[in-house]
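What follows draws every value from the coordinates through simple rules; no lab data is involved. Quantities reported herein were computed from a predicted structural model and do not represent experimental measurements. Here Cβ is always computed from backbone atoms with ideal geometry, including for glycine, and neighbour counts include all displayed protein chains.
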Amino acid sequence: MDGAALTASAQSGESGAFSGSMARPAVLVSACLLGEPCRYDGRACACEGIGALSAAVEIVAVCPEVAGGLPIPREPAELSRGRATTRSGVDVTEAYRRGAAEAVRLACERGCRFAVLKERSPSCGYGEVYDGTFAGILVEGDGIAAAQLAKAGIEVFGESRIDELITLVKR
Ligand code: SF4
């Protein structure tokens, strides 16, 4: 799937979670959690709770790194001092920022108040990310896209909190 598709696709879940004229809320979701093989290693990381979420909301898929112009597969990157750098030392911050801006644009255009983003990713991680040493060490911090989405007022959930979001939107 190309970058445009990764920022434009939306999936409708089954109807019935909401009745009458109540519109289902739109939720921005990391494309890799939906099964898109867009991770740096060319794989997906489909999330178990996505089916239940899809039944309750309108899914808006985005892969910020691909939307920012990076290929699949690509070298892994981590964050350090606000910059995204690959394992071999290439600074990819600008591509990450372009992708973050596209994610915010898409979320605003589709009226998303919530996002479910892949935990620990240098783009999508929220609350904790790897420390830039490529040694598997987690530190407090947000991925570049997650930070921009939160700044735009979108409430960000990691995939481990998907049930919490489902409960919230069904209220
Ligand atoms: S974590 Fe975010 S940037 Fe990384 S592959 Fe998934 S959607 Fe793309």
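Placing +1 on the Cβ of every Lys and Arg and -1 on the Cβ of every Asp and Glu, with nothing else charged, gives the stretch 122-171 a dipole about its Cα centre of roughly 260 debye.
Evaluated with a Cβ-only charge set (Lys, Arg +1; Asp, Glu -1), the chain carries a dipole of roughly 300 debye about its Cα centre, given to the nearest 20. Compared with the direct C-alpha span, the chain from Ser160 to Ala23 gains 46.8 nm at full extension, assuming 0.36 nm per residue. Among residues other than Cys47 with Cβ under 12 Å from its Cβ, the summed charge is -3 (Lys and Arg +1, Asp and Glu -1). Across the stretch 3-170, the mean sequence separation of Cα contacts (distance under 8 Å, 6 or more residues apart), normalised by length, yields a relative contact order of 23 percent.
For Val116, the residues 5 or more places off, or on other chains, whose built amide H falls under 5 Å of its own are Leu28, Val29, Ser30, Phe157.
Plainly put, the stretch 65-171 has a radius of gyration that is 0.99 times its Kirkwood radius, both from alpha-carbon atoms, as the Rg/Rh ratio. Would you please classify the overall shape of the stretch 123-163 from the alpha carbon gyration tensor, given that a ≥ b ≥ c denote the square roots of the eigenvalues, rounded means a/c under 1.5, and beyond that prolate means a/b larger than b/c while oblate covers the rest? Since a/c reaches 1.5 but b/c is at least a/b, the shape of the stretch 123-163 is classed as oblate. Beta bridges per DSSP, both residues in the chain: antiparallel share near 45 percent. The protection proxy used here, the mean number of other Cβ atoms lying within 10 Å of each residue, ranks peptides 139-147, 46-54 as follows, highest first: 139-147, 46-54.
Using a cutoff of 8 angstrom between alpha carbon atoms and counting only pairs six or more residues apart, the relative contact order for the stretch 93-171 works out to 31 percent. Taking a Cβ-Cβ separation under 4.7 Å as the criterion for a possible partner, which cysteines of the chain have none? Isolated Cys, the chain: Cys32, Cys45, Cys47, Cys108, Cys112, Cys124.
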